[in-house]
Amino acid sequence: MSLESGNYPDETVLLARIAAGDRVAFREFYSRYRTPLFTFAVRVVKDHSAAEELLQDAFVKIWRHAIVYDAQKARPFTWAVTIVRRTCIDYLRMHRRDPTHIPIAAEGIVPSNFVTTETPRGSADANETSLQVKNALIEISVDQRQALELALFSDFTHVEIARLLNQPVGTIKTWIRRGLLDLRTTLAKP
């Protein structure tokens with residue numbers, strides 16, 4: 001398998017090489033993902049200049065933290081999106097912008113504003129519902145979960161999600177449909 005193929009195992013190899021200090025691997029990772037990660041940052045902070053700086057910060061974090069990447073938890077691209085997302089959230093918090101409308105970007109969590117509560121009973125019910133949804137998301141396949149979270153919690157189109165995940169559009173649509181069906185089945189269990 002070549003590094004140019006964009007396959008998940010190859011991306012993992014890139015991160016392992018980055019963790020070992022390989023600058024060529026880092027340049028390859030950067031060239032593959034700078035455009036979709038920049039697009040994501042712009043959508044989150046709604047400022048091109050800030051997004052450029054935040055992307056640079058995020059890639060420094062990727063360089064420094066590649067050693068802690070765990071392929072069992074996320075695909076390399078999803079891990080990178082999570083770093084960009086967290087960098088953007090920190091920026092929005094420092095600049096007192098509302099971070100509650102930030103897309104999840106395949107982090108595997110339900111946003112805190114997904115369920116609204118007004119009473120202690122409502123709060124308890126919301127926490128239970130949120131936990132059920134989180135657990136149901138964990139039970140579906142990683143590919144389905146990533147596609148589903150990007151479709152539900154961001155404003156990416158199917159074509160953009162396909163580009164982000166290096167998959168054909170038809171595959172993305174299938175993953176989303178199957179993910180929703182699997183999620184519904186899991187949530188329907190008593």
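The values are calculated or read from the model by the stated rules, or taken from the named source; none is laboratory data. The structure displayed is predicted, hence computed values, not measured ones. All Cβ positions, even for glycine, are placed from backbone atoms using ideal geometry, and neighbour counts span all protein chains on display.
Taking the conditions exactly as written (small (Gly, Ala, Ser) and modelled with pLDDT of 90 or more), does GLY21 satisfy them or not? Judged against the criteria, GLY21 is a match.
Which ones in segment 141-190 are of a type in the set (Asp, Glu) and more than 14 Å from the chain's Cα centre (by Cα)?
ASP182
Given the criteria without any contact (Cβ under 8 Å) to a residue 60 or more places away in the chain and either over 18 Å from THR78 (Cβ atoms) or not polar (S, T, N, Q) (or both), does ARG43 qualify? So ARG43 does not fit the description; no.
If you go through segment 163-178 and keep only what is surrounded by fewer than 19 Cβ atoms within 10 Å (Cβ to Cβ) and in a helix (DSSP H, G or I), you end up with ARG163, VAL169, GLY170, THR171, LYS173, THR174, ARG177, ARG178. What do you reckon, is ASP70 under 19 Å from GLN146 (Cβ atoms) and either crowded, with 22+ Cβ neighbours inside 10 Å or modelled with pLDDT under 90 (or both)? When the stated conditions are applied, ASP70 passes them. Checking the structure you have, find out if any residue of segment 52-63 is surrounded by 19 or more Cβ atoms within 10 Å (Cβ to Cβ), touching a Cys at 6+ places or on another chain (Cβ under 8 Å) and free of Cβ contacts under 8 Å to residues at least 60 places away in the same chain. Yes, segment 52-63 contains a residue that is surrounded by 19 or more Cβ atoms within 10 Å (Cβ to Cβ), touching a Cys at 6+ places or on another chain (Cβ under 8 Å) and free of Cβ contacts under 8 Å to residues at least 60 places away in the same chain.
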